[in-house]
Every structure is written in structure tokens, then in C-alpha cells.
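Notes for the one structure printed next.
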Amino acid sequence: MNSLKVLYVCAEVYPLLKTGGLADVSAGLPPALAAQGVDVRLLLPAFPALVAGVTPEGPALPVPAGGAPGLPAGLGPQPGTAHGPNPWLQRGRISANGQPVWLLHAPGLYGRGGNPYLDASGQPWADSAQQFAWLGWAAALLGTGLDGGWRPDVVHGHDWHSGLCFAYLRQMGRAGTPVPATVFTIHNLAYQGVFPAELRPRLGLPDALFQLNGLEFHGQLSFMKAGLKYSDAITTVSPSYAHEITTPEQGCGLDGVLRQRRAVLHGILNGVDNTVWDPANDPLVQPGFDADHLQGKALAKARLQKTMGLKKQADALLFCVVSRLTEQKGLHLLPSVVDELVQRGGQLVVLGTGDAGIVAALQACAQRHPGQVAVHIGYDEALSHAVIAGSDVILVPSRFEPCGLTQLYGLRYGTLPLVRAVGGLADTVTDCSLENLDDGSASGFVFHELGAPGLGGALRRAFALQRRPADWLAVQRHAMALRFDWARAATDTLRVYRQAHAIPHGTAPA
Ligand code: ADP
């Protein structure tokens, strides 16, 4: 049987370009799919970090600006921007691991350095819609045979950046062009790619799609909604989040759409890339350790205390945060419990960037408690491994959490996650209640109500467990033995691909 061909459309991939968990997923899932016989190729915008890490293969493929059946004339530059010639696709392989990839080059749109989504002042690029419309357009063209030698059976798009590809493909399908099956994955429903309705003609979107039952969202146009309405199947990154986003509390205004599509909405938990996050063989954490040899973890703790300017105290319960510092992550709650954490003999290391108010409040905590609280503002991959390996507890008290990866890394490194019971956190961490300790299922500390009392209660449970070293060790060993691997996620994803491929494509309602 010929292998299933999948075009995997996303905006970032570790280690070349990463702003969050999406990059880890784009690095972890495709190889796991390939290991199960899927012929998977990535499509990404040619951001400079990606161009630098990809070895080109073969000639460039021009991307025509539009005019496909069922679509208006096509994409054009935004007034006031000086975009050059039409975009082109360059095939290649990620130099570090040989992963096949297409990079979409578009003069003026991607090659300008800095953050892929934000300009120097931290605002979304003024031509953000244009950037990702072209990505969707290139995906739709590859999906309908632009590369004569490789035509995908499935186009799998990730987050709002890929959303318009589903609208273009639907229109092409309606006009009689054979289209691939389509799968759309929500990594975070809160980021939706919503733009002024007037951009429509310049994005090659027919007016017929601009309606309540299409990609119109409160008078504007929503890339996310295009993905939700026009894909054959939808996945998201944990079973709990798949349910939560169908409720008004967590649906970000799109819960109604998601309820309509519940029959094709699947929650598939993310995995951990064991080649990157393995405490025994992590080059950033040496000597390594495992559940039976924890000396390396004690050494990692001592090193971390030294690096971060904390008192070298082996028995201080060391809490950490490695995160975007945002309200989504619940980190506005943290400053209000830091004094108690220190009074109880704990220490805290924070590694993150984000909200100025949260940063200032955490820095004030560090000033109040020198030697006990250390805050490193910045994004630092190597330090993130040192922090997770050297800490006792990782804090993820999120308001909402599609999956969350750092709690999975914490489990792997015997750094017990302290989490709020939401989304993927609820699916992956089991509280140290007495009954869970008793039956050996406990793997961390879980609280429910978003607020300082809940977070404070969970912190006290961590201190209580520390006073029962045998129990602590049992929980740690259980946590380290848990496996959230990409092979399982790939099996589930492949099942969704096959289901989507088996039905007549382009049949999404609306
Ligand atoms: P999200 O994608 O919502 O930010 P996830 O937990 O899914 O959250 O993924 C975050 C990823 O980014 C993890 O791999 C985490 O280790 C990494 N990360 C977050 N903040 C930092 C930082 N300041 N330095 C290094 N890595 C970070």
C-alpha cells in the first residue's frame, strides 16, 4: 500500500524557530508519523532562522497569485507595503535531522528578522493577515497538485496561521478541483487571527464565505474560524481541552462552532520528545539521572542554586516556573504566595518572559527575598533544561491550558508538577491526595479553583509531602515512569487522517 502523504502546515519548528509549545509539537509529531509509514512534509514560512537551518533541494516552485477555480483574482500586496515578486516555494530538508520541508519565500513578508509574529515594538506585524494568507494559499496549491511529483492525501494545518488554507481548498473543491482531506489542529484557541473585513478581496476570499456560517466573526474575518468551519476533521492537544472549548467559559466565542463540529473534534494529547527531554542523556544536564539513580538530580539542584544566586541548601524545597509570564498561565497569582513559600523554607526560580506587570511583581519578590527567589527574564533553552532538572516542583497554575508541555517535562525529570486541574494539565497530573498516594497513582499537586487560596493549598501539600520522604520518592519514581510519547499521539493522529481521507472531502458543513 502506498504511504499516506501529509502536508503539515505550521509557523514554527524546534530547534530552528520556537516561541512556544507549537514548535515542540512540529518537531515531535512528524517524525513519529514518519515512523508509522506516513510520508510527511512540513510547509513553513521562510523566516530567517528556518532558511538558515534548511538545506535546499531541487529548483524553486513559483506560487501563482491566484485565479484558481472558485476563487477571485487572488492575493496582492497591502497598500503601503512594498512586496516584491510573487512568492515561491523551496523544497529542502531540515539540516539537523533530514525532515523534508517546503519553505515559502515571499519578499518583504518573512525575511525581516525579529519575532515571526511581532514587530520591534511587540505589536503584531501590520501585514500579519497577508503573511499567513500566503501560507494558506501555498498550502492549498500544494494540496491540489502544484508540485507534480508529490501531491498530499491530507493537508494538516496548525493554529490560525494555517486557517485560510481550509477556506481556499473548500472553494476549489466546490468548483470541481479534486482536493485532499483536511485536518486542522487547535493548539491555542485564544489566538485566532482576526482581521478587518475590508482585507477580504486582497486575501482572495470570495464574499460568499463572509457570513455567520463561514469565516465572519463579529464583523471581522477570522482565520481560526476558517479552520474550524472548513476542515474535514479537527484535533486539539488534549481530551479535556477538546471538551472545554465547546463551553462558553473556554470557547473564546467559538464554542458554538465547535459544538456543531463535535462529531469530528478529537482530543489527542501531545507527547514528549525523548531525544530532547531525557534526564539520563540530556547533554545540558550532566551527570544525568533516572528514577533509580537520583544523585545527578541532587547535583543539578546544587548547580542551579549556584547559577541563580540562591542559597545552597539541599533541603530547601525548590519550586520553578519555565513559562510565558501571562495570565493564561495563572502566573499573576504567584507573587501573592511567594512570601508564604519562602517562610515555609522554600525557594523559587522563575525563567520566563511576558506581561510587564507580572515581571515587575516577580522581580519585587526576588528583591524581597535575596538568596531564596531568583527571576531570570528571557528565553533560554539551555537554562530551561537546567531549571527543570534542578528543581523539586514545577508550577503551572494555568487559567486555561490546551495541553502544556512543561508539566510533562517535569514528570520526566522527577520535578513534581503543581498544576491547576484544567485542559491537558488535568489529563496528565494526579494529585497527592491520600487515596492517590495509597494506590500509587499520585504524580504531583493539583488544585481546582483559580485563585491564591487554591494555589497556596497545593503549595502546602508539596511541603507536607516533603516531610514524608518515602512518599515523595514513591511519587517521584511514578512520575518519572509515566510516558507521554509521540508514538501514541501519531497513532491517534493517523487514525484521524484515515477517517478524514475515507469520507468524501470538502464535505464540511456551512
Ligand atoms: P505555550 O506553548 O502555551 O507557551 P507549552 O507548555 O505548551 O506552553 O510550551 C512552552 C514551551 O516553551 C516549552 O517547551 C517550554 O520549555 C518553553 N519555554 C517557555 N518559556 C521559556 C523560556 N523563558 N525559556 C526557555 N524555554 C521556554
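The values are calculated or read from the model by the stated rules, or taken from the named source; none is laboratory data. All values reported here derive from a predicted model rather than from experimental measurement. Glycine also receives a Cβ, built like all others from the backbone with ideal geometry; neighbour counts cover every protein chain displayed. These accessible areas exclude ligands, DNA and RNA; they are computed on the full protein's heavy atoms, side chains included. Shrake-Rupley method; radii C 1.70, N 1.55, O 1.52, S 1.80 Å.
Quick check on segment 148-167. Is at least one of its residues over 24 Å from the mean Cα position of the chain (by Cα) and closer than 19 Å to P206 by Cβ? Within segment 148-167, none of the residues are over 24 Å from the mean Cα position of the chain (by Cα) and closer than 19 Å to P206 by Cβ. Count of segment 12-32 residues, restricted to those that are more than 11 Å from the ligand (Cβ to nearest atom), out of contact with any Asp or Glu (no Cβ under 9 Å at 6 or more places or on another chain) and assigned to a helix (DSSP H, G or I), is 2.
Every residue, every condition in (1) closer than 30 Å to T236 by Cα; (2) within 8 Å of the ligand (Cβ to nearest atom); (3) surrounded by fewer than 20 Cβ atoms within 10 Å (Cβ to Cβ), yes or no:
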position: A356; (1), (2), (3): yes, no, yes
position: Q363; (1), (2), (3): no, no, yes
position: L383; (1), (2), (3): yes, yes, yes
position: G390; (1), (2), (3): no, no, no
position: V396; (1), (2), (3): yes, yes, no
position: E401; (1), (2), (3): yes, yes, no
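How many of the residues in segment 418-443 are of a type outside the set (A, V, I, L, M) and touching a Ser or Thr at 6+ places or on another chain (Cβ under 7 Å)? Qualifying residue count for the region: 8. For segment 13-59, which positions are on the phi > 0 side of the Ramachandran plot and modelled with pLDDT of 95 or more? Correct list: G37 only. Under the condition of being among the basic types (K, R) and crowded, with 19+ Cβ neighbours inside 10 Å, the residues counted in segment 462-473 number 0.
Mind counting the residues in segment 17-54 that are under 25 Å from N86 (Cβ atoms) and touching a helix residue (DSSP H, G or I) at 6+ places or on another chain (Cβ under 9 Å)? Working first, answer last.
Kept after step one, since they are under 25 Å from N86 (Cβ atoms), are these residues of segment 17-54: 17, 41-54.
Filter once more, so that each one left must be touching a helix residue (DSSP H, G or I) at 6+ places or on another chain (Cβ under 9 Å): 17, 41-45.
Qualifying residue count for the region: 6.
Which numbered condition trips up V496, out of (1) in contact (Cβ under 8 Å) with a residue 40 or more places away in the chain; (2) crowded, with 18+ Cβ neighbours inside 10 Å; (3) among the hydrophobic types (A, V, I, L, M, F, W, C); (4) in contact with a helix residue (DSSP H, G or I) (Cβ under 8 Å, 6 or more places away or on another chain)? Going through the list (1) in contact (Cβ under 8 Å) with a residue 40 or more places away in the chain; (2) crowded, with 18+ Cβ neighbours inside 10 Å; (3) among the hydrophobic types (A, V, I, L, M, F, W, C); (4) in contact with a helix residue (DSSP H, G or I) (Cβ under 8 Å, 6 or more places away or on another chain), V496 breaks only (4).
Residues in segment 146-173 that are assigned to a helix (DSSP H, G or I), under 17 Å from T185 (Cβ atoms) and open to solvent by less than 10 Å² (accessible area, probe 1.4 Å): S162, G163, L164, C165, F166, A167, L169. Those helices (runs of 4 or more DSSP H) of segment 177-286 in which 3 or more residues are without any contact (Cβ under 8 Å) to a residue 40 or more places away in the chain and surrounded by fewer than 23 Cβ atoms within 10 Å (Cβ to Cβ) occupy 255-260.
If you filter segment 425-451 down to residues that are in a loop (DSSP other than H, G, I, E, B) and of a type in the set (S, T, Y), you find that the one that is surrounded by the most Cβ atoms within 10 Å (Cβ to Cβ) is S443. The condition (being open to solvent by less than 20 Å² (accessible area, probe 1.4 Å), under 25 Å from A298 (Cα atoms) and within 12 Å of the ligand (Cβ to nearest atom)) is satisfied by just one residue among V338, V375, V350: V350. Candidates are the residues of segment 458-471 that are in a helix (DSSP H, G or I) and without any contact (Cβ under 8 Å) to a residue 12 or more places away in the chain; the one that is nearest to F445 (Cα to Cα) is A464. Residues in segment 389-403 that are in contact with a strand residue (DSSP E or B) (Cβ under 6 Å, 6 or more places away or on another chain) and of a type outside the set (S, T, Y): D392, V393, I394, L395, V396, P397. For K229, the criteria (1) within 28 Å of L450 (Cβ to Cβ); (2) assigned by TED's automatic domain parsing to the domain that holds V194 hold in every case but one, which is (1). Restricting segment 287-309 to residues that are in a loop (DSSP other than H, G, I, E, B) and away from the ligand (no atom under 16 Å from the Cβ), the residue that is least open to solvent (accessible area, probe 1.4 Å) is F289. Just to verify a result, which residue in segment 310-330, among those that are of a type in the set (A, V, I, L, M) and more than 11 Å from the ligand (Cβ to nearest atom), is farthest from the chain's Cα centre (by Cα)? Among them, the one singled out is A314. Residue-level check: of (1) modelled with pLDDT of 90 or more; (2) among the small types (G, A, S); (3) closer than 26 Å to L199 by Cα, G92 misses just (3). Annotation note: of L405, L418, the sole residue that is closer than 22 Å to D282 by Cα and either small (G, A, S) or in contact (Cβ under 8 Å) with a residue 12 or more places away in the chain (or both) is L405.
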